[in-house]
There are 2 protein chains.
Amino acid sequence: MNGADALITTLADNGVTACFANPGTSEMQFVAALDREPRMRSILCLFEGVATGAADGYGRMAGKPACTLLHLGPGYANGAANLHNARRAYTPVVNVIGDHATDHRQYDAPLNSDIAALAAPNSIWVRSADSADTVGPLTAEAVAASFGAPGGNACLILPADSAWNETNTAGPVIEIPQPAAPDASAVAAVAAAIKAAEKPVILLGSSACGEAGIAAAGRLAAVGVRVLTDTFTARQSRGEGRFRPDKMMYFGEQALKDLTGTDLMVLAGTSQPVAFFAYPDRPSVLVPEGCDLQTLCGREVDAPAALNALADALGAPAGGAVEAYVEPAAPGPKFDAWAMGASIARHMPTGGIISDDAVTAGLPIFTQTRNARAHDWLSLTGGAIGQGIPVALGAAVACPERKVLSLNGDGAGMYTVQGLWTIAREKLDVTVVIFANGAYRILGIEMGRTGGGEPGPKASRLLDLGDPQIDWVALATGMGMPAERVETAEAFDAAMARAMTTPGPHFIEAAMR
Amino acid sequence: MNGADALITTLADNGVTACFANPGTSEMQFVAALDREPRMRSILCLFEGVATGAADGYGRMAGKPACTLLHLGPGYANGAANLHNARRAYTPVVNVIGDHATDHRQYDAPLNSDIAALAAPNSIWVRSADSADTVGPLTAEAVAASFGAPGGNACLILPADSAWNETNTAGPVIEIPQPAAPDASAVAAVAAAIKAAEKPVILLGSSACGEAGIAAAGRLAAVGVRVLTDTFTARQSRGEGRFRPDKMMYFGEQALKDLTGTDLMVLAGTSQPVAFFAYPDRPSVLVPEGCDLQTLCGREVDAPAALNALADALGAPAGGAVEAYVEPAAPGPKFDAWAMGASIARHMPTGGIISDDAVTAGLPIFTQTRNARAHDWLSLTGGAIGQGIPVALGAAVACPERKVLSLNGDGAGMYTVQGLWTIAREKLDVTVVIFANGAYRILGIEMGRTGGGEPGPKASRLLDLGDPQIDWVALATGMGMPAERVETAEAFDAAMARAMTTPGPHFIEAAMR
């Protein structure tokens, strides 16, 4: 075998069996080796931001890494924004970044760049396999690193000669790193603090928002602890049969108002809440003055176990509060995100997965799906728009038996619009919705909040997507997706009903202009 | 004024009057300030790779920087691949990268990242303006840095509070850095070496390929020196009335064969030629064995002056060899890049600008336009596909009176397809051609060369763009561009004739499947 075979074999031996790729010349040996490893599924993406976002979505749902295949420094850079989001989601991802042959690097050919330096800010592990014999062992290290805990993205740089040279060395099968056990003294201290507090809140992030964590948090709610989640969570179990906590409000002043009187905030799998952006004369830290801040567990800890230990210490009953399914009424005449959220709640089947890059439409839909059937909600964790389509793509590869719904603002959707082609090509069961309001609507709100005042003509034009109007149905059909445009709440409801009962790709432009 | 005003005023005072932008919340003060500075033209791009590629195209044609406006680390990362190309083109660019307010950075909010570290590999200058008073002076420094010589991209990080706080300090008007004068001893040494050589070659890069450099090189050709250019040049003056040198062949073995017998290679505004990629058992350095390598001037030097000094030292006459315009025949029945190149040569008016991201179609068209009317050719300097549409966009903003032609492989075109919207929105005089062969054709060639052998089914699928077939006319019209599909050489010729005689945006899908 050559180094490329060692890489793919080691990946597959360690359960990494999905590869989201946009290869170039330096990656041709990896591409050729795919035909010698039937366990690896390779999926072509027409832009690297699609590949990395897909790996994020895959990792969030599969609980193990996919790999990406990227073409030198520029290929990595094209995928870096969605790796920023993946970093903030603590998603395990293994990036394979092709490089020039080791003896060619010194000549600084046009595609040469400092890949390790580019990758460092978003990576938890970066290594270059500078000989064929090191490829297998470093691949195993990369997989282990990606699991964390907490997880993150690991970058293996693969020089072309390390791929084409022969080797006998595949990497070992690793022991998958497990999160740390809860710290008993932290549990006891937090339990005591909660008993002493008048208005305690526990804030959940990372694995505390998965199915087991949410169930444990429901036990805490049953004994009077208010439960909140981070504003943006990597993966949150919601809907029928689950406990549904509130979330931290997006705008800091609203969050602090919501927390008025809170005298204890306990962190579980997250860190001190802070404002998404700073604004003149508004606070950055979203902990009320005088509120005690305590940590039950960091992100590296088994949060469900910590939450259950805390619930036990507080004498909470085994079963906590859960939501029932409530069939929403058919939408009325008003066509807005609230109505569309009701339609999603009406039609999304049990086991749905929502990839949320909907910006201003996101919160209404999140609210409306509180009582929907059981589903997972994947948020934009890092604020880099353009993950909604790719994350849905990856989630659908990870969970082929589940319906995936990709919700996107039109500004966000344009960022990685190329992902539609891969959804069509792979015939994935993904329904993509674009909320086409013809504007970066959130920025119209933020302009005033940052002290920019009323936008003048030039500023307004930088927030406007309506000239020319984007024909989303043309874009989607141009990339092979069956697509329709809806302009009323009733039409959206009907389109959603069809999409949720018919397998395969669907595209809905919700024309909100 | 606030820091944002100081920034934009200082830019405009220094002749930076075009801004390619995709702003977010942290950049709202900059956006608001645009309405207070009439000299700055702001252009919205729906993805940062479009903005940075446009700034590259603008800088290549204007000879001065445009600025970009990017949203924190992820916004920069999205634009980094085209900044890699701009780095390799030595194009002056000023990137303004918004950041969190200085006192908010410590909280590591979701969009926080190490912007300076991300930007370092592709930048010649990175600074953060951490108070409003430093914004103006650092802006002037950034502009100066971008000019070089040679030029490059400078990154000014702009924290939100530095933008919104008041200041009295605008930056100075800088003295534009000039390239160094030629070194007389280098000129004398090279002249002596050329006289002694049997088969001398001079290799041109960077400013040696502009109008004055090419004219001076024509003088050298007239006295028997073979003139070559780098395979990919940032901007090359070509066509009627200009001297047209050959270029270094792309594949190393072809390049070395072409150089057989060469006993002296002189570098003018470039560095030692190397293979674009390494391959097993093929050389990296493209200088024949035993060939002497000498440097007339580095990229920081006034290359036309150095070439003229050399021509004088060799006793060359004042006027060198130039090409005449030769009207190509109407294309025959065969529909390929050679035929399309002839059509472009037939119809492109004097002063045309070609942005080349055409990959396998590029060389035939380059060859066919040798005797076209006078034009500038802008190559893919860094190998990161996805610059053809953005660079054309920026060139058209820099040169509104000139016809711009954007040539793109379909794989390359998909990378920054969002640029079509901005071309339509700004009604730019750009004709975009997509060579739709439904494949990453170049990779089919490279697979064998890298030792990957015949691609199997999985490998083939990673090189294939034809399933589903991309409907380029739908994509272009969906973004507001008038578009047509042509499937014969005759139809392409007619479409090119129309596009070259009608101002405004045109889109042609050349369906070569």
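The values are calculated or read from the model by the stated rules, or taken from the named source; none is laboratory data. Nothing here was measured: the structure is a model prediction, and the numbers come from that model. When we count neighbours, we look across all protein chains shown, and the Cβ atoms used for this are built from the backbone with ideal geometry, even at glycine. For accessibility, only protein heavy atoms count, side chains too; no ligands or nucleic acids. Shrake-Rupley method; radii C 1.70, N 1.55, O 1.52, S 1.80 Å.
Pairs exceeding 23 Å between alpha-carbon atoms, taken from B:LYS64/B:LYS247; A:LYS458/B:LYS403; A:LYS403/A:LYS427: B:LYS64/B:LYS247; A:LYS458/B:LYS403. Approximating the spin labels as points 7 Å out from Cα along Cα→Cβ, the A:ILE445-to-B:ALA313 distance works out to 6.7 nm.
With a 10 Å cut-off around each Cβ of A:41-47, the average count of Cβ atoms from other chains is 5. The listed peptides B:126-138, B:495-507, ordered by packing as a protection proxy, come out as B:126-138, B:495-507 (highest mean of other Cβ atoms within 10 Å first). Per residue, the convex hull spanned by the alpha carbons of segment A:184-313 comes to 97 Å³. Dividing the convex hull volume of the alpha carbon atoms of segment A:450-513 by its residue count gives 133 Å³ per residue.
For chain B, the relative contact order works out to 14 percent when only alpha carbon pairs closer than 8 Å and six or more residues apart are counted. Remark: segment A:337-511 carries a charge dipole of roughly 300 debye about the Cα centre, counting +1 on each Lys and Arg Cβ and -1 on each Asp and Glu Cβ.
What ranking do A:220-229, A:413-422, B:279-288 get when scored by the average of other Cβ atoms within 10 Å per residue, highest first?
On the way: A:220-229: 20.7, A:413-422: 28.5, B:279-288: 16.9.
For the peptides A:220-229, A:413-422, B:279-288, the packing ranking is A:413-422, A:220-229, B:279-288.
Burial of accessible area (probe 1.4 Å, heavy atoms of protein chains only) in segment B:245-280, relative to its chain alone, reaches at least 30 Å² for B:VAL274, B:PHE276, B:PHE277, B:ALA278, B:PRO280. For segment B:17-133, the spherically averaged projection of the C-alpha convex hull amounts to 7.2 nm². At what distance in nm do the modelled label points of B:ALA117 and A:ALA497 sit from each other, each positioned 7 Å from its Cα along Cα→Cβ? Distance between label points: 5.3 nm.
For the rotational copy pair B/A, the chain B residue whose Cβ lies nearest the symmetry axis, together with its distance in Å, is B:ALA474, 2.
The mean accessible area for residues of the protein assembly as shown, using a 1.4 Å probe and ignoring ligands and nucleic acids, is 30 Å² per residue.
Other residues with beta-carbon under 14 Å from the beta-carbon of B:LEU380 carry, at +1 per Lys or Arg and -1 per Asp or Glu, a net charge of +1. Every other copy gets compared here: list the nm distances from the A:GLY319 label point (7 Å along Cα to Cβ) to its counterparts, shortest first, one decimal. Sorted ascending, the copy-to-copy spacings read 9.8 nm.
Average 1/r across all pairs of distinct alpha carbons in segment A:337-511, invert it, and you get the Kirkwood radius: 16.2 Å.
Express the carbon and sulfur contribution to the solvent-accessible surface of segment A:372-477 as a percent, rounded to the nearest whole number, probe 1.4 angstrom. Write down the numbers at each step before the final one.
On the way: 1300 of 2400 Å².
That share works out to 54 percent.
Each of B:SER237, B:PRO283, B:ALA305 was scored by the projection of its Cα onto the charge dipole of segment B:219-370, and the greatest displacement toward the positive side belongs to B:SER237; charges sit on the C-beta of Lys, Arg, Asp and Glu.
Taking Cα centre as origin and charging only the Cβ of basic (Lys, Arg, +1) and acidic (Asp, Glu, -1) residues, the dipole magnitude of segment A:215-298 rounds to 440 debye.
Probe radius 1.4 Å, ligands and nucleic acids left out: can you give me the accessible area buried at the B-A interface, summed over both chains, in Å² to the nearest hundred? Show your work: numbers first, answer last.
On the way: alone 19590 and 19610 Å², together 31190 Å².
Answer for the B-A pair: about 8000 Å² buried.
Residues of A:456-469, mean number of Cβ from any other protein chain within 10 Å of their own Cβ, rounded to a whole number?
Working: counts 6, 2, 12, 10, 2, 7, 15, 4, 2, 4, 1, 5, 10, 3.
Mean partner-chain Cβ count within 10 Å for A:456-469: 6.
Close amide H pairs (under 5 Å, H built 1.01 Å from N) link A:ALA358 with A:GLY409, residues at least 5 positions away or on another chain.
Under the definition of partner shielding as Cβ atoms of other protein chains within 10 Å of a residue Cβ, what is the mean value for peptide B:100-112? Can you show the working numbers first?
Working: counts 6, 7, 1, 2, 8, 2, 3, 9, 4, 10, 16, 8, 5.
For this peptide, the per-residue mean of nearby foreign Cβ atoms is 6.
One compactness figure for chain A is 0.99, namely its Cα radius of gyration divided by 2.2 N^0.38 Å. Distances between copies of B:ALA212, taken at a point 7 Å out from Cα along the Cα→Cβ vector and listed shortest first: 7.1 nm. Close amide-amide hydrogen proximity is noted between A:VAL266 and A:VAL201, A:ILE202, A:LEU203, A:GLN294, each under 5 Å apart and 5 or more residues distant or on a separate chain (H modeled in the peptide plane; Pro and chain starts excluded).
Heavy atoms only, probe 1.4 Å: what % of the accessible area of segment A:1-138 goes to carbon and sulfur, would you let me know? Don't jump to the answer; show the numbers that get you there.
Values: 1380 of 2930 Å².
About 47 percent, which is the carbon plus sulfur part of the accessible surface.
In the protein assembly as shown, the alpha-carbon atoms span a convex hull of 152 Å³ per residue. For B:THR350 and B:GLU490, the FRET efficiency from 1/(1 + (r/R0)^6), where r spans their Cβ atoms and R0 equals 25 Å, is about 0.50.
Given the Cα-Cα distance of A:ARG41 and A:ALA192 and 0.36 nm per residue of separation, how much length would full extension add, in nm? Walk me through the numbers before you get to the answer.
Details: separation 151, 0.36 × 151 = 54.36 nm, distance 5.05 nm.
Gain on stretching A:ARG41 to A:ALA192: 49.3 nm.
So what's the back-of-envelope 222 nm ellipticity for chain A, counting only DSSP H runs of four-plus at -39500 (n - 2.57) apiece and dividing by all residues, rounded to 500? Mind showing how you got there, number by number?
Numbers: 20 runs with 197 residues, N = 513.
Dividing the helical sum by the residues of chain A leaves -11000 deg cm²/dmol.
In segment B:337-511, a dipole from Cβ-located charges (positive for Lys and Arg, negative for Asp and Glu) runs towards its positive end, and of B:GLY413, B:ILE353, B:ILE434 it is B:ILE353 whose Cα lies farthest in that direction. Taken about its Cα centre, segment B:3-164 carries a charge dipole of roughly 700 debye when the Cβ of each Lys and Arg holds +1 and the Cβ of each Asp and Glu holds -1.
In segment B:476-512, burial by the other protein chains removes 50 Å² or more of 1.4 Å probe accessible surface, compared with the chain on its own, from B:GLY478. Here each label is just a point 7 Å from Cα along the line to Cβ, and for B:LYS199 and A:ALA321 those points are 8.6 nm apart.
Ignoring ligands, DNA and RNA, what percent of the 1.4 Å accessible area of segment A:184-313 is carbon and sulfur? Could you put the intermediate results ahead of the total?
Values: 2390 of 4700 Å².
Carbon and sulfur atoms account for 51 percent of the accessible area of segment A:184-313.
Applying the Karplus relation 6.51 cos²θ - 1.76 cosθ + 1.60 with θ = phi - 60° to segment A:368-374 yields 3J(HN,Hα) values of 5, 9, 3, 9, 6, 5, 4 Hz, where x marks Gly and Pro.
Since only B:GLY63, B:LEU44, B:ALA32 are under comparison, the one whose Cα sits farthest along the positive direction of the charge dipole of segment B:3-164, derived from C-beta charges on Lys, Arg, Asp and Glu, is B:GLY63. Amide H contacts of B:ALA18: B:ARG41, B:CYS67, each under 5 Å away and 5 or more positions distant or on a separate chain (H built 1.01 Å from N in the peptide plane; Pro and chain starts excluded). With contacts taken as Cα pairs under 8 Å at a separation of at least 6 residues, segment A:374-513 carries a relative contact order of 27 percent.
When B:THR502 is represented by a point 7 angstrom out along its Cα-to-C-beta vector, the spacings to that point in the other copies are 3.6 nm, nearest first.
Any idea what the relative contact order of segment B:164-312 is, in percent, if you count C-alpha pairs under 8 Å spaced at least 6 apart? Write out the running numbers ahead of the final one.
Working: 258 pairs, mean separation 48.4, N = 149.
Worked out over segment B:164-312, it gives 32 percent.
By definition, a body whose alpha carbon gyration tensor gives a ≥ b ≥ c is oblate when a/c is 1.5 or more and a/b is not larger than b/c, and segment B:316-399 fits this oblate description.
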